[in-house]
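As structure tokens, the structure follows; a few thoughts come after it.
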Amino acid sequence: QVQLVESGGGLVQAGGSLRLSCAASGRPFRNYAMGWFRQKEREFVAAISYLDSTYYNDSMKGRFTISRDNRRNTVYLQMSSLKPEDTAVYYCAAKYVGDREYYASRISSEYDYWGQGTQVTVSS
């Protein structure tokens, strides 16, 4: 089992920034690709492999940056130039990839573990 705990959500004005964090525990972090998704539909936001190959939803690329600190077992989502349409619950997810250190996925159904979500609200 992998436990994921998100933090960093909140209320921000349009044009502002937030950084979400997701702390993982329970299994070796190196064996997991990490992703961020949002809302009930689990819209893909960004994903990152163990060795920092990154993938983005094209509509968010350039505004959002995913990163991970493998010593701290934590993945981050830096969000800038936020828009009201970015308002959503953001979920962190982990996908077991074994030794595929450059692999990550955009597909929510491929992820094995999910956090509880953190609310981001962008006011206009």
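The values are calculated or read from the model by the stated rules, or taken from the named source; none is laboratory data. Since this is a predicted model, take the numbers as computed values, not measurements. Quick reminder, even Gly has a Cβ in these numbers, built from the backbone with ideal geometry, and neighbours come from all protein chains shown. Just so you know, the surface numbers come from the protein's heavy atoms only, side chains and all, with ligands and any DNA or RNA stripped out. Shrake-Rupley method; radii C 1.70, N 1.55, O 1.52, S 1.80 Å.
Observations on the structure shown:
- Within the range 1-26, the residues that satisfy the criterion of being assigned to a loop (DSSP other than H, G, I, E, B) and touching a residue at least 60 places away in the same chain (Cβ under 8 Å) are Q1, V2, G8, G9, A14, G15, G16, S17.
For (1) in contact with a Ser or Thr (Cβ under 8 Å, 6 or more places away or on another chain); (2) of a type in the set (D, E, K, R), each residue gets a yes or a no:
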| position | (1), (2) |
| --- | --- |
| G8 | yes, no |
| L18 | no, no |
| S21 | yes, no |
| P28 | no, no |
| Y32 | no, no |
| G35 | yes, no |
| E41 | no, yes |
| F44 | yes, no |
| A47 | yes, no |
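- Considering the conditions (1) open to solvent by less than 20 Å² (accessible area, probe 1.4 Å); (2) farther than 16 Å from S80 by Cβ, W36 is excluded by exactly one of them, (2).
- Exactly one residue among E85, E41 is over 16 Å from T118 (Cβ atoms) and part of a loop (DSSP other than H, G, I, E, B), and that residue is E41.
- Condition met for S67 (of a type in the set (G, A, S) and either part of a strand (DSSP E or B) or at pLDDT 95 or above (or both)): yes
- Among the residues of this structure, Y76 does not count as one that is open to solvent by 10 Å² or more (accessible area, probe 1.4 Å), outside any loop (DSSP other than H, G, I, E, B) and within 14 Å of Q3 (Cα to Cα).
- Unmet requirement for E101, which otherwise passes all of (1) in contact (Cβ under 8 Å) with a residue 40 or more places away in the chain; (2) of a type in the set (D, E); (3) part of a loop (DSSP other than H, G, I, E, B); (4) closer than 14 Å to W114 by Cα: (4)
- Residue list for the range 86-106, filter: of a type in the set (D, E, K, R), open to solvent by 10 Å² or more (accessible area, probe 1.4 Å) and modelled with pLDDT of 95 or more: K95, R106
- Taking the range 1-25 as the range and being hydroxyl-bearing (S, T, Y) and open to solvent by less than 30 Å² (accessible area, probe 1.4 Å) as the test, only S21 passes.
- Cβ-Cβ contacts under 7 Å between residues 6 or more apart (or on different chains), taken from a first residue in the range 33-53 that is closer than 19 Å to V120 by Cβ and aromatic (F, W, Y) to a second residue that is open to solvent by 10 Å² or more (accessible area, probe 1.4 Å) and not in a strand (DSSP E or B), are listed as F37/S108; F44/N57; F44/R106; F44/S108.
- Residue that is nearest to G16 (Cα to Cα), among those in the range 45-69 that are open to solvent by 50 Å² or more (accessible area, probe 1.4 Å) and not small (G, A, S): T65
- Looking only at residues of the range 28-44 that are in contact with a Phe, Trp or Tyr (Cβ under 8 Å, 6 or more places away or on another chain) and of a type in the set (D, E, K, R), we find that the one that is nearest to G16 (Cα to Cα) is R38.
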